[in-house]
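Visitor: I'd like to ask you about the structure that follows.
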Amino acid sequence: MDRRRIAVPAAQPGQHGLGDPRIERCRRVVVEVDGNVAHGGPILRSPAPGDTLDDHVTAPRTRTPLPNRPARRALALALAAGLLLPAIAAAQENRQETRKERRERRAALAAAEQALPLEFKEFLSNVHFLNSEAEREAFLEVSQDYQRRAWIERFWRIRDPYPDTPRNELRARWEERLLYVEREFEGPRSDRARMLLLNGEPSGRIKFQCTMVTWPIEIWFYSHSDRVGHEFFLLFYRRGNQQHYELWHPSDGVERLLDFGVSAQAAAGDIQSCRDGEVAAAAINWLMRSNGLEFATLISRLEAVPEAPSAEWTLTFESYTTDVPEDAEPLEATLDVRFPARYQARTVVEAAVEVDPVSARRDTLGGQSSYNFFLTGEVLRGEDLFENFRYKFDLPLAAGAAHAGSNGAPPILLSFERRLRPGDYHLVLKIEDLNGGRFARLEQPLEVPTLEAPAARQLDPAVQKIIDQAEAVLSSDVPTVQLLEPAGELQTGLVRFDTLATGDVAEMRFWLDGNEVARKRRAPFSVELDLGSTPRVHILRATAHDAEGAEVASDEISLNAGRNRFAIRFAEPREGVRYDGEVHVEIDLQVPDGNLVERLELHLNDEPVATLYQEPWSQLVELPPGDAITYLRAAAYLVDGNSTDTVVYVNAPDYLEIVDIQYVELYATALHRSGRPYEELHADQVRILEDGAPQEILRFQRVTDLPVHLQVMLDVSASMVKRLGVAREAALGLFQTEITPRDRAALVTFNDHPYLAADFTNDIGKLAGSLAGLKAERGTALYDAIVFGLYYLNGIKGQRALLLLSDGKDESSRFSFEQALEYAQRSGVAVYAIGLGKQPGPARRALSRLANQTGGRAFFIAEVGELAGVYGHILGELRSRYLITYQSTNTSGNRRFREIEADATVPGVSIRTLKGYYP
């Protein structure tokens, strides 16, 4: 048996307590703790000569599975009587809830809880000290049993301290403590249960009663708890005919612990004669010694409900249910399901919903009309939710299309497919007309059949020829290597990279940003690399080598580069390889989505040797005789005028050192003390410091007509429900009045996930169409949205700005603020943050810091109607900035953050630009 000795502080002379002189003379009382916790926890007691306490505690019971309940027991029975109507009226009128409304709301919630099936009432009781009031209300609004079970799983998952592990540590710990509570106590909401659930089992526990003197008492000793790092006592008592033990507060007085008619002075001697009397007296005196404030502070820490995740996750959950508002107008729709094909071991389920255009409503913005729908689905298997899904349909109408309700207008088709294993399911769909506010709820049982595997299709001859050529290469001995890009766009943390290699490859070497990081000598040539917690642009290169170590093939991919990145590299020639007489030049190009290469120019030293206008980007080039240093330069031009180039040295000697010169571009705003842009600044009036070192300005130009790439990010979380309409109109006005033919704008909406609503374009109709069908719902993942927006801007050259509108703080992001800030600093994009409404202090400071560090500006406005003026101010500032360039004097090659200071010598004029960069 594991025994530990615990020193328990005893009473000090002159302190209030039981007053026994022997206890007062005792400086410390030594007790023993039985360390065997397998049967419910240690027991604290005072030692007696040759005596040990071996209480037998009942082993944990296993819970009997609860019987299944009917799936349609709705809580609406408790709410339909209108008990909540006065309470929710206050929220709708944006005022404080009255006491009467609060009482009515609580009564309605209590009635709703009583109407729950037993298993769900048990859940609410078991997590009484974990869930927030908002979460409790959200749970009580869920109407279906299968949705409640899914809600409970989400409740625990959102609290998992280590979500990447298979075990939910918090849930496991809580349920273990619940088993202890069920064994030992009178219920999960009692005083003892609360203390144990929130703080864990005590280090020691004494059950004490001095017959005819005290009520039954329990003394708990903690060496520390989950919340308090030092030792302390707790004392619980059960007075008279009470069913529950109460926590004793010293302010209640010792008499509260004593039987009726017994005084503290008379009880002192009797208690000493009872078993464990010395320990009881020591604990009581310890508690009485602490002043009221100290004990109150201790209890407040021990009883504090754990900080719950934001209840916005419940809004996300609600948005994925198929519940339809009771007062919603019906949307006429029908459902047809087919099983057209097999996919691996699953069957393709093809569903088509036809909506009657007479009951749907179109929306028109900026001359563009569209139908806009949300389709939410649930697939049930038995009484449980098997999967849920959601689709958004934005259906633009061509000019002259038949108007809804006109004769001959065809039905609106919304189709989707799922892949399910053969079996019996039940499909539930909710279709919401985002413009008209109407709903349809459709249900259909699914008997998913087992289909035979499809016969091999006869391929088109041209396609078959390509496949034959690929198979010939794979079966040949020609060494090749291809790096496979991992799934997803933003890569962070530990990522696995795989390769496809053919021919005689003895070793594969992996290079990250020019540094060798791994070697693999056995197929499959795969590697796991830690890319860090913050997304960064990386170049990963794989080189295949033969048995002698010679490089025989290579491949390269860009990570976190973004779809708008314009990049060029030489696949051939390669550095370190010897070429004689001629070289077959091969160029790899990464072209932004939606753009085209106008031409590619190839230069040998300073002489042009070829201009290519289409793929393949390859050319045979004769090399000059002798050992003179030779370099090749390739320059690619897009049809929109953007260009990029790269250089490679051919047959360069080993001693050749290549110095990386950092050419820095700053877009700066000069502001007079009046707050207006200062337009009379000259280069000799500006000073630039990098890490404190003065820099020579090479270019200084006021850019009044330089094209702008503007990304508007619009918060569409649930808190924006009353402001979204005006915010949408303000964004439309921005697109219509501020975007010139040379500019490009994009729209990203975000709640708990970002969504690219419109790609970069100057087509005002497309931008207007992207604003149609917006709905305010779900939570706010602000920092994730910022990273996504900056990622999308990556690779674009020239003036770039991100306009961020949000009315709340971050609630559920994967990335932290510091990670988002670092990514913003690496991107070089000016962030203009607009905080709407009453911003919490931390959220306000975060937006201000983000804008300040990137050379943008933060605005905080009370009403959404001020947006149009803010947007105009931002665009005016972007069109009156200065372009300042310099060549950094720092040639150390380190990749640490470099701070930039910019100031003007003109009195009363300041310069705002980015505060630094990562080379």
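Visitor: Quick one: would you say F439 is over 26 Å from A758 (Cβ atoms), modelled with pLDDT of 95 or more and within 37 Å of the chain's Cα centre (by Cα)?
Guide: Values: over 26 Å from A758 (Cβ atoms): yes; modelled with pLDDT of 95 or more: yes; within 37 Å of the chain's Cα centre (by Cα): yes.
So F439 passes the test.
Visitor: One residue is enough: does region 841-848 have a residue meeting the conditions crowded, with 17+ Cβ neighbours inside 10 Å, modelled with pLDDT under 90 and within 22 Å of M713 (Cα to Cα)?
Guide: So far as region 841-848 goes, yes, one or more of its residues are crowded, with 17+ Cβ neighbours inside 10 Å, modelled with pLDDT under 90 and within 22 Å of M713 (Cα to Cα).
Visitor: Is it the case that L178 is within 27 Å of the chain's Cα centre (by Cα), without any contact (Cβ under 8 Å) to a residue 60 or more places away in the chain and either buried (at least 20 other Cβ atoms within 10 Å of the Cβ) or outside any loop (DSSP other than H, G, I, E, B) (or both)? Can you show your working first?
Guide: Numbers: within 27 Å of the chain's Cα centre (by Cα): no; without any contact (Cβ under 8 Å) to a residue 60 or more places away in the chain: yes; either buried (at least 20 other Cβ atoms within 10 Å of the Cβ) or outside any loop (DSSP other than H, G, I, E, B) (or both): yes.
No.
Visitor: Then there's this: Can you pull out the residues in region 327-352 that are in contact (Cβ under 8 Å) with a residue 60 or more places away in the chain, among the acidic types (D, E) and assigned to a loop (DSSP other than H, G, I, E, B)?
Guide: E329, E332
Visitor: If you don't mind, there's one more thing I want to ask. Tell me whether region 805-815 contains one or more residues that are closer than 25 Å to G872 by Cα, crowded, with 24+ Cβ neighbours inside 10 Å and at pLDDT below 95.
Guide: Yes - at least one qualifying residue is present in region 805-815.
Visitor: Are there strands (runs of 3 or more DSSP E) fully within region 689-770 with at least 1 residues that are under 30 Å from Y320 (Cα atoms)? List them. Don't jump to the end; show me each part of the working.
Guide: Values: elements: 697-703, 708-715, 744-750, 754-761.
Ranges flagged: 708-715, 744-750, 754-761.
Visitor: Going through region 481-522 one residue at a time, which ones are part of a loop (DSSP other than H, G, I, E, B) and under 33 Å from the mean Cα position of the chain (by Cα)?
Guide: Of all residues in region 481-522, those part of a loop (DSSP other than H, G, I, E, B) come to 485-493, 503-506, 513-514, 521-522.
Once the filter is applied, which keeps residues that are part of a loop (DSSP other than H, G, I, E, B) and under 33 Å from the mean Cα position of the chain (by Cα), region 481-522 yields E485, P486, A487, G488, E489, L490, Q491, T492, G493, D513, G514.
Visitor: Within region 265-297, how many residues turn out to be surrounded by fewer than 17 Cβ atoms within 10 Å (Cβ to Cβ) and in contact with a strand residue (DSSP E or B) (Cβ under 7 Å, 6 or more places away or on another chain)?
Guide: 0
Visitor: Then there is this: Out of (1) within 30 Å of D323 (Cα to Cα); (2) surrounded by 15 or more Cβ atoms within 10 Å (Cβ to Cβ), the odd one out for K121 is which?
Guide: K121 satisfies all of (1) within 30 Å of D323 (Cα to Cα); (2) surrounded by 15 or more Cβ atoms within 10 Å (Cβ to Cβ) except (2).
Visitor: Related question: Residues of region 281-304 being farther than 16 Å from L247 by Cβ and of a type in the set (A, V, I, L, M, F, W, C), which ones?
Guide: Going through region 281-304, the residues farther than 16 Å from L247 by Cβ turn out to be 281-282, 285, 289, 291, 293.
Those that are farther than 16 Å from L247 by Cβ and of a type in the set (A, V, I, L, M, F, W, C): A281, A282, L293.
Visitor: For residues that are in a strand (DSSP E or B) and in contact with a Lys or Arg (Cβ under 9 Å, 6 or more places away or on another chain), scanning just region 235-250, find the one that is nearest to W220 (Cα to Cα).
Guide: F236
Visitor: Is one or more of the residues making up region 387-395 in contact with a strand residue (DSSP E or B) (Cβ under 7 Å, 6 or more places away or on another chain), more than 30 Å from E153 (Cβ to Cβ) and assigned to a strand (DSSP E or B)? Let's see the steps before the verdict.
Guide: Just the residues of region 387-395 that are in contact with a strand residue (DSSP E or B) (Cβ under 7 Å, 6 or more places away or on another chain), to begin with: 387-395.
Pick out the ones that are also more than 30 Å from E153 (Cβ to Cβ) and you get 394-395.
After this cut, where a residue has to be assigned to a strand (DSSP E or B) as well, the list is 394-395.
Scanning region 387-395 turns up at least one residue that is in contact with a strand residue (DSSP E or B) (Cβ under 7 Å, 6 or more places away or on another chain), more than 30 Å from E153 (Cβ to Cβ) and assigned to a strand (DSSP E or B).
Visitor: Further, regarding this structure: Being over 30 Å from R136 (Cα atoms), assigned to a helix (DSSP H, G or I) and among the β-branched types (V, I, T): is that true of I271 here?
Guide: On the way: over 30 Å from R136 (Cα atoms): yes; assigned to a helix (DSSP H, G or I): yes; among the β-branched types (V, I, T): yes.
Here the answer is yes, as I271 does meet what is asked.
Visitor: Could you check how many residues of region 818-876 are in a loop (DSSP other than H, G, I, E, B), under 17 Å from M720 (Cβ atoms) and not small (G, A, S)?
Guide: Just the residues of region 818-876 that are in a loop (DSSP other than H, G, I, E, B), to begin with: 828-829, 837-840, 855-856, 862-863.
Retained after the next criterion (residues that are under 17 Å from M720 (Cβ atoms)): 837-840, 862-863.
Filter once more, keeping what is not small (G, A, S): 838-840, 863.
Going through region 818-876 one residue at a time, the tally reaches 4.
Visitor: Please find, among T316, T334, T321, the residue that is at pLDDT 95 or above and among the β-branched types (V, I, T).
Guide: Working: T316 fails: at pLDDT 95 or above; T321 fails: at pLDDT 95 or above.
Criteria check complete, one pass: T334.
Visitor: Right, next: So which of A636, A670 ends up being closer than 30 Å to R912 by Cβ, in contact (Cβ under 8 Å) with a residue 24 or more places away in the chain and of a type outside the set (D, E)? Let's see the steps before the verdict.
Guide: On the way: A636 fails: closer than 30 Å to R912 by Cβ.
A670 is the lone residue from the list that is closer than 30 Å to R912 by Cβ, in contact (Cβ under 8 Å) with a residue 24 or more places away in the chain and of a type outside the set (D, E).
Visitor: Restricting to strands (runs of 3 or more DSSP E) lying wholly in region 585-677: which have 2 or more residues that are in the same structural domain as G908 (by TED's automatic domain parsing) and among the small types (G, A, S)?
Guide: Correct list: 663-672.
Visitor: Now for a separate question. Would you point out the residue of region 572-612, among those that are of a type in the set (D, E, K, R) and surrounded by 14 or more Cβ atoms within 10 Å (Cβ to Cβ), that is modelled with the lowest pLDDT?
Guide: If we filter region 572-612 for residues that are of a type in the set (D, E, K, R), which is where we start, we get 572, 574-575, 578, 580, 582, 586, 588, 593, 598-599, 601, 606-607.
Retained after the next criterion (residues that are surrounded by 14 or more Cβ atoms within 10 Å (Cβ to Cβ)): 572, 574, 586, 588, 598-599, 601.
Values: E572: 87, R574: 80, E586: 90, D588: 89, E598: 92, R599: 94, E601: 94.
The residue in question is R574.
Visitor: Would you check which residues across region 197-232 are touching a residue at least 60 places away in the same chain (Cβ under 8 Å) and of a type in the set (F, W, Y) and list them?
Guide: Answer for region 197-232, where residues must be touching a residue at least 60 places away in the same chain (Cβ under 8 Å) and of a type in the set (F, W, Y): F208, W220, F221, F232.
Visitor: Let me ask something else about it. Could you look through region 482-500, keep only residues that are at pLDDT 90 or above, among the hydrophobic types (A, V, I, L, M, F, W, C) and crowded, with 16+ Cβ neighbours inside 10 Å, and pick out the one that is nearest to R814 (Cα to Cα)?
Guide: Only one residue tops the list, namely V495.
Visitor: Let me spell it out: the conditions are (1) of a type in the set (A, V, I, L, M); (2) farther than 30 Å from R441 by Cα; (3) in a loop (DSSP other than H, G, I, E, B); (4) out of contact with any Ser or Thr (no Cβ under 8 Å at 6 or more places or on another chain), and A308 meets all of them except one. Which number is the exception?
Guide: With respect to (1) of a type in the set (A, V, I, L, M); (2) farther than 30 Å from R441 by Cα; (3) in a loop (DSSP other than H, G, I, E, B); (4) out of contact with any Ser or Thr (no Cβ under 8 Å at 6 or more places or on another chain), A308 is out only on (4).
Visitor: Moving to a separate point now. Which of the residues spanning region 736-771 are among the aliphatic types (A, V, I, L, M) and within 19 Å of N435 (Cβ to Cβ)? Give the steps one after another, and end with the answer.
Guide: Filtering region 736-771 for residues among the aliphatic types (A, V, I, L, M) gives 739, 745-748, 756-758, 764, 767-768, 771.
Passing the criteria: L747, A757, A758, L767, A768, L771.
Visitor: Here is a follow-up. Kindly indicate whether any position in region 115-123 is in contact with a helix residue (DSSP H, G or I) (Cβ under 6 Å, 6 or more places away or on another chain), at pLDDT 85 or above and in a loop (DSSP other than H, G, I, E, B).
Guide: Yes.
Visitor: Is it the case that region 200-223 has a residue that's outside any strand (DSSP E or B) and closer than 14 Å to I299 by Cβ? Lay out the reasoning, then the answer.
Guide: Keep residues of region 200-223 that are outside any strand (DSSP E or B), which gives 200-203, 209-213, 215-216, 223.
Checking which are closer than 14 Å to I299 by Cβ leaves us with none.
Checked region 200-223: no residue is outside any strand (DSSP E or B) and closer than 14 Å to I299 by Cβ.
Visitor: Hey, among H672, H682, which residue is surrounded by 13 or more Cβ atoms within 10 Å (Cβ to Cβ), out of contact with any Lys or Arg (no Cβ under 9 Å at 6 or more places or on another chain) and farther than 25 Å from V577 by Cα?
Guide: The unique qualifying residue is H672.
Visitor: Same structure again: Give the residues of region 774-811 that are assigned to a loop (DSSP other than H, G, I, E, B), in contact (Cβ under 8 Å) with a residue 60 or more places away in the chain and touching a Ser or Thr at 6+ places or on another chain (Cβ under 7 Å), sorted by residue number.
Guide: If we filter region 774-811 for residues that are assigned to a loop (DSSP other than H, G, I, E, B), which is where we start, we get 774-781, 794-798, 807-811.
Restricting the remaining residues to those that are in contact (Cβ under 8 Å) with a residue 60 or more places away in the chain gives 774-780, 794-798, 807-808, 811.
Listed by number, the residues that qualify are L774, A776, E777, R778, G779, T780, N794, D807, G808, E811.
The values are calculated or read from the model by the stated rules, or taken from the named source; none is laboratory data. Computed from a prediction, not measured in an experiment: that's the story for all the values here. Reconstructed Cβ throughout: ideal geometry from the backbone, glycine too, with neighbour counts over all protein chains shown.
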